[in-house]
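Working notes for the structure below.
The values are calculated or read from the model by the stated rules, or taken from the named source; none is laboratory data. Please read these numbers as outputs of a predicted model, since none were measured by experiment. Cβ placement follows ideal geometry from the backbone for every residue including glycine, while neighbour counts extend to all protein chains displayed. Surface accessibility is based on the protein's heavy atoms, side chains included, excluding ligands, DNA and RNA. Shrake-Rupley method; radii C 1.70, N 1.55, O 1.52, S 1.80 Å.
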Amino acid sequence: ITAKGVKSLVRRRMHTPVHLCSRLYLQPGTVAVQHAPDLFCNAEKLAKILLEEGDHRKNKDSNNVQSSKDLGVKIVHLVRNPFSMAVSNYHYHAKKPIPRPEMWITRQNPCQVTYPNGELFADYVLPSLSKRSYEALNINYDSRLILRSEFEAIANDCESLYQTRKGLETANQFEHLMNLDAPDGLRLATAELTIQGDDNGGDMLRMSNNILKLKQAEKIVQNSWMGGRNKEFQVYTLSLDDFISEPKRSALEFLNFVFDHNEVDVSMEQKESAAMKYSQTYLNKKEGSRHITDGKASDKEQLAEYLRHDAVFGPPMKKIEMLVETALAESRNTVML
């Protein structure tokens, strides 16, 4: 969390034609949070941004502060199973009243696949998601994570649902979610979550892209001069689904990774105490939170199965699920409780 309580260092889902990765300017000795970053640059550039592009205005005149070049960086990447992600997204947005931060749902076209400058979201995510193998995660697929034809099929499905039904010819996305039956509303919301790159959409493919880019950057640093003797670049993939179902265990995994016993003198008792406090705080918050949807909808398993067997969404989402589970398994083997 930043000093002023802002939940992200920079604007989420933001990049420029010059800087294809969000410029985070990490500070030594701090924990920074960034929601939905665009990591569309190549992996070597991403590694350089995270290792070397700290706020030099604050660090260049100090002889007492170690720079990020000396310390390296640890990254905890919070991900979610694509099916639970899609169902939770639908449940959260298909209810009244609309939370103030979510008013975009009354303005945004869920089927828009271009940025305001005309560039295609697909052109940013498909290059990293359309390979047959991914050495950084030792993954080989019978087919690519998502083909351009699959991306286009989702866009076409979205357009078949949006402003095509009687009485909804001029309706916005929120009005569609309130009036369509659950399977159709779920498909519309999941399309926006997948293909709509501008403003608030595209997070499912953005998450997948970021898993690959971060692991590729980690491997580049480990195998090149960028690592250096005192510098590290570590990525730990953590499941939001686990955080929801097992908050204490997940918090402890996080603390074990961040406060490695070889680097920081934090006892297991201290970490367990902090994990317990986090769990209690989360469970208390969950009871009265509209944002936390897990366990509050009886049809979540039915809707997830609907997507899993849908001809348009099922195939790419199953491959994304495999990617997420592979990244999670690798991290679980890294930090043992």
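Points worth noting:
- Pairs from Lys248/Lys318; Lys95/Lys285; Lys48/Lys131; Lys166/Lys319 whose Cα-Cα separation, in the structure shown, is over 31 Å: Lys166/Lys319
- Accessible area in square angstrom per residue, region 242-285, 1.4 angstrom probe: 64
- Counted residue by residue at 0.36 nm each, then reduced by the alpha carbon distance between them, the extension gain from Lys74 to Thr334 reaches 92.3 nm.
- Extension gain (nm, one decimal) between Lys286 and Leu20, 0.36 nm per residue minus Cα-Cα: 92.2 nm
- Take Leu323: with every protein chain present and a 1.4 Å probe, its accessible area is about 0 Å².
- 18 Å reach of a label modelled at Glu272, 7 Å along Cα-to-Cβ, counting backbone N of region 238-254: 247-254
- Glu152-Val10 pseudo-label distance in nm [points 7 Å out on the Cα-to-Cβ vector]: 3.2
- Approximating the spin labels as points 7 Å out from Cα along Cα→Cβ, the Ser130-to-Ser224 distance works out to 2.4 nm.
- Long-range HN-HN contacts of Thr237 with modeled amide H, under 5 Å: His77, Ser331
- For the listed residue pairs Lys74/Lys215; Lys215/Lys277; Lys215/Lys271, the alpha carbons are over 19 angstrom apart in Lys215/Lys277; Lys215/Lys271.
- Excluding same-chain neighbours fewer than eight residues apart, the aspartates and glutamates reachable from Lys286 by a Cα-Cα span under 16 Å are Asp241, Asp242, Glu246, Asp294.
- Our estimate of slack between Gln302 and Ser245, defined as 0.36 nm per intervening residue step minus the Cα-Cα distance, is 18.6 nm.
- Probe 1.4 Å, all protein chains present, accessible-area order of Thr237, Thr334, largest first: Thr334, Thr237
- Heavy-atom accessible area with a 1.4 Å probe sorts Phe233, Phe243, largest first, into Phe243, Phe233.
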